[in-house]
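I have placed the structure first, in the form of C-alpha coordinates, so that the comments after it can refer back to it.
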Amino acid sequence: MDVASKNGESVAEGAHVLLLATEKKVFGFDLLEVFRVAIGRHESNDLSFNSRNVSNYHAEILNEDDALVLHDLGSTNGSYVNEERVKRRKLNHGDRVRIGNNEITVRLTNGDSKDAESHLPRVARQGSFRRNGSDNPGLTLKELISSLCQQGSSVRLVLARNETTKIEVYIHDGRVVFAESGKARAEKALYRAFEWNRGEFQTEPFPANDAVPRSMSMPFETLVEEGEQQAKELDELINKLPPPDAPIRLVESCKMRICDFTPAEMEVFQAVVRHGTLGEAIDNCPMTDLRIMTQVHALIRKKVFALAESVSLLEQTNIITRH
(Lines give C-alpha, C1' and ligand atoms only; values in the text may rest on other atoms or scores of the structure.)
Protein backbone atom coordinates (compact mmCIF):
# COMPACT_ATOMS: atom_id res chain seq x y z
CA MET A 1 0.00 0.00 0.00
CA ASP A 2 1.37 3.41 -0.94
CA VAL A 3 1.12 5.90 1.90
CA ALA A 4 1.56 8.92 -0.39
CA SER A 5 -1.55 10.85 -1.33
CA LYS A 6 -2.76 11.24 -4.89
CA ASN A 7 -1.28 14.73 -4.95
CA GLY A 8 2.17 13.39 -4.15
CA GLU A 9 2.05 14.64 -0.54
CA SER A 10 2.55 12.35 2.42
CA VAL A 11 -0.08 11.57 5.02
CA ALA A 12 -1.08 13.62 8.03
CA GLU A 13 -0.85 17.07 6.45
CA GLY A 14 2.66 16.75 5.09
CA ALA A 15 4.14 14.53 7.80
CA HIS A 16 7.02 12.35 6.67
CA VAL A 17 8.00 10.72 9.96
CA LEU A 18 5.83 9.07 12.60
CA LEU A 19 7.36 8.93 16.11
CA LEU A 20 5.92 6.55 18.68
CA ALA A 21 7.38 7.31 22.11
CA THR A 22 6.99 4.55 24.70
CA GLU A 23 8.20 4.70 28.29
CA LYS A 24 11.55 3.18 27.28
CA LYS A 25 12.23 4.14 23.68
CA VAL A 26 11.18 6.24 20.71
CA PHE A 27 10.40 4.40 17.47
CA GLY A 28 10.60 6.25 14.16
CA PHE A 29 8.77 5.26 10.95
CA ASP A 30 9.21 6.85 7.52
CA LEU A 31 5.67 7.41 6.25
CA LEU A 32 6.88 7.28 2.67
CA GLU A 33 7.88 3.64 3.18
CA VAL A 34 5.86 2.22 6.08
CA PHE A 35 2.10 1.79 5.81
CA ARG A 36 1.38 -0.41 8.85
CA VAL A 37 2.74 -0.51 12.40
CA ALA A 38 1.84 -3.66 14.34
CA ILE A 39 1.56 -3.55 18.14
CA GLY A 40 1.29 -6.51 20.51
CA ARG A 41 3.01 -8.97 22.83
CA HIS A 42 4.41 -11.24 20.11
CA GLU A 43 8.01 -10.41 19.18
CA SER A 44 7.13 -10.18 15.49
CA ASN A 45 5.29 -6.87 16.09
CA ASP A 46 6.91 -3.55 15.28
CA LEU A 47 6.21 -2.48 18.87
CA SER A 48 6.39 -5.48 21.18
CA PHE A 49 5.37 -5.27 24.86
CA ASN A 50 6.18 -8.20 27.13
CA SER A 51 3.07 -7.91 29.29
CA ARG A 52 0.18 -10.21 30.09
CA ASN A 53 -2.17 -7.25 29.67
CA VAL A 54 -1.23 -7.04 25.98
CA SER A 55 -2.62 -9.48 23.40
CA ASN A 56 -0.24 -11.21 20.99
CA TYR A 57 -1.59 -9.11 18.12
CA HIS A 58 -3.23 -6.25 19.95
CA ALA A 59 -3.58 -3.32 17.53
CA GLU A 60 -2.21 -1.68 14.42
CA ILE A 61 -1.70 1.81 13.05
CA LEU A 62 -2.71 2.18 9.40
CA ASN A 63 -2.77 4.86 6.74
CA GLU A 64 -6.27 5.19 5.37
CA ASP A 65 -7.37 8.09 3.17
CA ASP A 66 -4.26 10.08 4.05
CA ALA A 67 -4.83 9.73 7.80
CA LEU A 68 -3.27 7.59 10.50
CA VAL A 69 -5.80 5.30 12.16
CA LEU A 70 -5.46 3.13 15.26
CA HIS A 71 -7.29 -0.18 14.75
CA ASP A 72 -7.85 -2.53 17.69
CA LEU A 73 -7.50 -6.17 16.58
CA GLY A 74 -10.06 -7.61 18.99
CA SER A 75 -7.71 -7.45 21.97
CA THR A 76 -8.77 -8.73 25.37
CA ASN A 77 -8.10 -5.52 27.30
CA GLY A 78 -8.82 -3.02 24.55
CA SER A 79 -6.98 -0.06 23.03
CA TYR A 80 -7.28 3.50 24.34
CA VAL A 81 -6.69 6.91 22.80
CA ASN A 82 -6.47 9.72 25.35
CA GLU A 83 -8.00 7.30 27.91
CA GLU A 84 -11.04 6.54 25.76
CA ARG A 85 -11.49 2.93 24.68
CA VAL A 86 -11.74 2.74 20.91
CA LYS A 87 -12.13 0.21 18.13
CA ARG A 88 -10.95 2.59 15.41
CA ARG A 89 -9.74 6.13 15.87
CA LYS A 90 -7.90 8.69 13.75
CA LEU A 91 -4.63 9.71 15.38
CA ASN A 92 -3.33 13.24 15.66
CA HIS A 93 -0.03 14.71 16.82
CA GLY A 94 0.18 14.52 20.61
CA ASP A 95 -2.39 11.76 21.10
CA ARG A 96 -1.69 9.25 23.86
CA VAL A 97 -2.37 5.62 23.00
CA ARG A 98 -2.57 3.07 25.82
CA ILE A 99 -2.02 -0.62 25.17
CA GLY A 100 -2.39 -2.54 28.45
CA ASN A 101 -0.32 -0.53 30.94
CA ASN A 102 1.93 0.82 28.18
CA GLU A 103 1.49 4.40 27.00
CA ILE A 104 2.55 5.51 23.52
CA THR A 105 2.78 9.18 22.56
CA VAL A 106 2.12 9.96 18.88
CA ARG A 107 4.28 12.59 17.20
CA LEU A 108 4.25 13.62 13.55
CA THR A 109 6.97 15.64 11.83
CA ASN A 110 7.14 17.14 8.37
CA GLY A 111 10.03 17.41 5.94
CA ASP A 112 10.44 21.18 6.00
CA SER A 113 13.55 21.03 8.18
CA LYS A 114 15.10 18.58 5.76
CA ASP A 115 15.18 21.20 2.99
CA ALA A 116 16.70 23.78 5.33
CA GLU A 117 19.35 21.36 6.54
CA SER A 118 20.48 20.61 2.98
CA HIS A 119 22.14 24.06 2.96
CA LEU A 120 24.08 23.56 6.19
CA PRO A 121 27.84 24.25 5.97
CA ARG A 122 30.39 21.48 5.96
CA VAL A 123 31.55 20.68 9.46
CA ALA A 124 35.12 21.43 10.51
CA ARG A 125 37.15 18.74 12.26
CA GLN A 126 36.67 20.50 15.57
CA GLY A 127 34.79 23.42 17.02
CA SER A 128 32.02 24.35 19.43
CA PHE A 129 28.31 23.65 19.49
CA ARG A 130 25.47 25.09 21.49
CA ARG A 131 22.01 24.23 22.64
CA ASN A 132 19.17 25.39 20.41
CA GLY A 133 17.96 28.76 21.66
CA SER A 134 21.24 29.58 23.40
CA ASP A 135 23.17 32.75 22.59
CA ASN A 136 26.50 30.91 22.66
CA PRO A 137 28.47 30.83 19.36
CA GLY A 138 28.72 27.80 17.10
CA LEU A 139 26.40 25.32 15.44
CA THR A 140 23.53 23.84 17.37
CA LEU A 141 23.92 20.15 18.11
CA LYS A 142 21.04 19.46 15.74
CA GLU A 143 22.85 21.30 12.93
CA LEU A 144 26.11 19.53 13.72
CA ILE A 145 24.68 15.99 13.58
CA SER A 146 22.41 16.80 10.63
CA SER A 147 25.32 18.19 8.60
CA LEU A 148 27.49 15.14 9.20
CA CYS A 149 24.66 12.76 8.32
CA GLN A 150 23.57 14.64 5.20
CA GLN A 151 27.14 14.64 3.96
CA GLY A 152 27.19 10.85 4.27
CA SER A 153 30.03 10.98 6.79
CA SER A 154 31.56 8.01 8.60
CA VAL A 155 33.12 9.47 11.75
CA ARG A 156 33.42 9.18 15.47
CA LEU A 157 32.03 12.45 16.81
CA VAL A 158 33.42 13.25 20.27
CA LEU A 159 31.30 15.75 22.23
CA ALA A 160 32.80 17.26 25.38
CA ARG A 161 31.32 19.52 28.03
CA ASN A 162 34.50 19.47 30.11
CA GLU A 163 37.57 17.27 30.57
CA THR A 164 35.62 14.49 32.27
CA THR A 165 32.20 14.63 30.61
CA LYS A 166 32.29 13.27 27.07
CA ILE A 167 29.88 11.54 24.69
CA GLU A 168 31.05 9.56 21.67
CA VAL A 169 28.65 9.40 18.72
CA TYR A 170 29.37 6.98 15.88
CA ILE A 171 28.07 8.01 12.46
CA HIS A 172 28.44 5.56 9.57
CA ASP A 173 27.41 6.34 5.99
CA GLY A 174 25.23 9.21 7.14
CA ARG A 175 23.43 7.35 9.94
CA VAL A 176 23.90 7.49 13.70
CA VAL A 177 24.57 3.86 14.62
CA PHE A 178 25.76 4.08 18.24
CA ALA A 179 26.58 6.45 21.11
CA GLU A 180 28.10 5.98 24.54
CA SER A 181 28.95 7.99 27.62
CA GLY A 182 30.11 6.14 30.73
CA LYS A 183 27.49 3.47 31.42
CA ALA A 184 24.95 5.09 29.08
CA ARG A 185 24.51 3.62 25.62
CA ALA A 186 22.66 4.40 22.37
CA GLU A 187 19.84 7.00 22.56
CA LYS A 188 20.27 7.42 26.31
CA ALA A 189 23.83 8.67 25.79
CA LEU A 190 23.08 10.84 22.74
CA TYR A 191 20.12 12.66 24.29
CA ARG A 192 22.28 13.83 27.20
CA ALA A 193 24.25 16.11 24.89
CA PHE A 194 21.06 18.02 23.99
CA GLU A 195 20.79 19.03 27.66
CA TRP A 196 24.14 20.88 27.57
CA ASN A 197 24.12 24.62 27.12
CA ARG A 198 27.33 24.43 25.10
CA GLY A 199 30.17 22.06 24.33
CA GLU A 200 33.14 21.29 22.13
CA PHE A 201 33.29 18.71 19.36
CA GLN A 202 35.94 16.84 17.41
CA THR A 203 35.55 14.42 14.52
CA GLU A 204 37.79 11.39 14.20
CA PRO A 205 37.91 8.54 11.64
CA PHE A 206 35.29 5.87 12.12
CA PRO A 207 36.95 2.78 13.67
CA ALA A 208 38.14 0.40 10.98
CA ASN A 209 37.27 -2.75 12.93
CA ASP A 210 33.81 -4.08 13.72
CA ALA A 211 33.96 -3.25 17.42
CA VAL A 212 31.28 -0.55 17.20
CA PRO A 213 27.75 -1.91 17.85
CA ARG A 214 25.08 -0.92 15.33
CA SER A 215 22.23 -0.69 17.83
CA MET A 216 20.63 2.58 16.63
CA SER A 217 18.48 2.48 13.51
CA MET A 218 16.22 5.55 13.72
CA PRO A 219 16.61 8.28 11.06
CA PHE A 220 18.85 11.10 12.24
CA GLU A 221 15.92 13.53 11.87
CA THR A 222 14.06 11.48 14.46
CA LEU A 223 17.01 11.38 16.84
CA VAL A 224 17.75 15.12 16.82
CA GLU A 225 14.09 16.07 17.19
CA GLU A 226 13.59 13.67 20.06
CA GLY A 227 16.82 14.87 21.70
CA GLU A 228 15.67 18.49 21.64
CA GLN A 229 12.20 17.54 22.85
CA GLN A 230 13.58 15.55 25.79
CA ALA A 231 15.80 18.47 26.80
CA LYS A 232 12.77 20.80 26.84
CA GLU A 233 10.74 18.39 28.94
CA LEU A 234 13.64 17.98 31.38
CA ASP A 235 13.73 21.76 31.85
CA GLU A 236 10.16 21.62 33.11
CA LEU A 237 10.69 18.56 35.30
CA ILE A 238 14.13 18.89 36.79
CA ASN A 239 13.38 21.38 39.58
CA LYS A 240 10.60 19.11 40.86
CA LEU A 241 13.07 16.35 41.71
CA PRO A 242 15.58 15.75 44.51
CA PRO A 243 19.28 16.39 43.84
CA PRO A 244 21.06 13.41 42.28
CA ASP A 245 23.04 12.47 45.42
CA ALA A 246 20.22 12.88 47.94
CA PRO A 247 19.15 9.59 49.59
CA ILE A 248 15.64 8.51 48.63
CA ARG A 249 13.71 6.28 51.01
CA LEU A 250 10.72 4.02 50.58
CA VAL A 251 7.62 5.31 52.36
CA GLU A 252 6.62 2.57 54.79
CA SER A 253 2.98 3.60 54.81
CA CYS A 254 2.69 3.29 51.02
CA LYS A 255 -0.35 1.20 50.10
CA MET A 256 0.43 0.66 46.39
CA ARG A 257 0.52 -2.97 45.32
CA ILE A 258 2.89 -4.40 42.74
CA CYS A 259 0.02 -4.80 40.28
CA ASP A 260 -0.67 -1.04 40.53
CA PHE A 261 2.71 -0.16 38.99
CA THR A 262 3.20 0.34 35.27
CA PRO A 263 6.11 -1.67 33.81
CA ALA A 264 8.24 1.50 33.65
CA GLU A 265 7.41 2.46 37.24
CA MET A 266 8.34 -1.03 38.41
CA GLU A 267 11.70 -0.94 36.64
CA VAL A 268 12.55 2.49 38.06
CA PHE A 269 11.22 1.50 41.50
CA GLN A 270 13.62 -1.43 41.58
CA ALA A 271 16.53 0.76 40.41
CA VAL A 272 15.94 3.38 43.12
CA VAL A 273 15.51 0.74 45.85
CA ARG A 274 18.70 -0.99 44.72
CA HIS A 275 20.87 2.12 44.35
CA GLY A 276 19.33 4.60 46.79
CA THR A 277 19.68 7.88 44.87
CA LEU A 278 18.30 9.43 41.70
CA GLY A 279 21.79 9.83 40.24
CA GLU A 280 22.69 6.16 40.70
CA ALA A 281 19.33 5.04 39.33
CA ILE A 282 19.89 7.19 36.22
CA ASP A 283 23.37 5.73 35.69
CA ASN A 284 22.32 2.11 36.11
CA CYS A 285 18.87 1.99 34.47
CA PRO A 286 18.85 1.63 30.65
CA MET A 287 15.91 4.03 30.17
CA THR A 288 16.63 7.56 28.98
CA ASP A 289 17.21 10.15 31.70
CA LEU A 290 13.85 11.80 31.01
CA ARG A 291 11.93 8.52 31.31
CA ILE A 292 13.61 7.71 34.61
CA MET A 293 13.03 11.16 36.07
CA THR A 294 9.40 11.13 34.93
CA GLN A 295 8.78 7.84 36.71
CA VAL A 296 10.61 8.94 39.88
CA HIS A 297 8.51 12.11 39.95
CA ALA A 298 5.34 10.03 39.56
CA LEU A 299 6.39 7.69 42.38
CA ILE A 300 7.15 10.61 44.69
CA ARG A 301 3.73 12.12 43.96
CA LYS A 302 2.12 8.76 44.71
CA LYS A 303 4.00 8.78 48.04
CA VAL A 304 5.97 5.65 47.19
CA PHE A 305 9.28 7.49 47.70
CA ALA A 306 10.36 10.44 49.82
CA LEU A 307 13.63 12.19 50.58
CA ALA A 308 15.53 10.75 53.53
CA GLU A 309 14.89 12.79 56.68
CA SER A 310 18.59 13.63 57.02
CA VAL A 311 18.57 15.64 53.78
CA SER A 312 18.70 19.34 54.58
CA LEU A 313 16.30 21.92 53.18
CA LEU A 314 19.16 23.45 51.19
CA GLU A 315 19.95 20.08 49.60
CA GLN A 316 16.28 19.55 48.80
CA THR A 317 16.11 22.81 46.87
CA ASN A 318 19.19 22.06 44.74
CA ILE A 319 18.64 20.96 41.16
CA ILE A 320 20.75 18.85 38.85
CA THR A 321 23.36 21.01 37.13
CA ARG A 322 23.71 20.35 33.43
CA HIS A 323 25.61 23.45 32.21
**Report entry** Residues of segment 31-67 satisfying the condition of being touching a strand residue (DSSP E or B) at 6+ places or on another chain (Cβ under 6 Å) and assigned to a strand (DSSP E or B)
**Finding:** Arg36, Val37, Ala38, Ile39, Leu47, Ala59, Glu60, Ile61, Leu62, Ala67
Report summary line: Of the listed residues (Phe178, Phe194, Phe201), the one being under 13 Å from Leu141 (Cα atoms), surrounded by 18 or more Cβ atoms within 10 Å (Cβ to Cβ) and in contact with a strand residue (DSSP E or B) (Cβ under 9 Å, 6 or more places away or on another chain) is Phe201
**Report entry** Subset of segment 43-78 [in contact with an Asp or Glu (Cβ under 6 Å, 6 or more places away or on another chain) and more than 9 Å from Ile99 (Cβ to Cβ)]
**Finding:** His71
Requested in this report: Read through the list (1) within 17 Å of Glu23 (Cα to Cα); (2) modelled with pLDDT of 90 or more; (3) open to solvent by less than 20 Å² (accessible area, probe 1.4 Å); (4) part of a helix (DSSP H, G or I), then give the number of the only condition that Met287 fails.
Outcome: (4)
Requested in this report: Output the residues belonging to segment 224-259 that are free of Cβ contacts under 8 Å to residues at least 40 places away in the same chain, closer than 17 Å to Leu299 by Cβ and not acidic (Asp, Glu).
Outcome: Lys255, Arg257, Ile258, Cys259
Query raised in the report: Given the conditions (1) surrounded by 15 or more Cβ atoms within 10 Å (Cβ to Cβ); (2) in contact with a His (Cβ under 8 Å, 6 or more places away or on another chain); (3) among the basic types (Lys, Arg), which single one is not true for Arg88?
Result: (1)
Query raised in the report: Before we move on, is Arg130 of a type in the set (D, E, K, R) and touching a residue at least 60 places away in the same chain (Cβ under 8 Å)?
Result: yes
**Report entry** Cβ pairs under 9 Å, 6+ apart, first in segment 28-41 and under 8 Å from His58 (Cα atoms), second of a type in the set (Val, Ile, Thr) and assigned to a loop (DSSP other than H, G, I, E, B)
**Finding:** Ile39/Val54; Gly40/Val54; Arg41/Val54
**Report entry** Close pairs (8 angstrom Cβ cut-off, 6 or more residues apart or separate chains): under 16 Å from Ile167 (Cβ atoms) in segment 196-212, in a strand (DSSP E or B) and among the polar types (S, T, N, Q) anywhere
**Finding:** Arg198/Ser128; Gly199/Ser128; Glu200/Gln126; Glu200/Ser128; Phe201/Gln126; Phe201/Ser128; Gln202/Gln126; Thr203/Gln126
Report summary line: Restricting attention to segment 235-261, the residues that are under 24 Å from the mean Cα position of the chain (by Cα) and open to solvent by less than 30 Å² (accessible area, probe 1.4 Å) number exactly 6
Report task. Could you check segment 152-240 for strands (runs of 3 or more DSSP E) lying wholly inside it with 2 or more residues that are closer than 27 Å to Leu31 by Cα? Result -> 166-172, 175-181
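The values are calculated or read from the model by the stated rules, or taken from the named source; none is laboratory data. This one's a predicted model, so the numbers in the text were calculated from it and none came from an experiment. A quick note on method: Cβ atoms are made from the backbone with ideal geometry, for glycine too, and the neighbour counts reach across all protein chains shown. Calculation scope for accessible area: heavy atoms of the full protein, side chains included, ligands and nucleic acids excluded. Shrake-Rupley method; radii C 1.70, N 1.55, O 1.52, S 1.80 Å.
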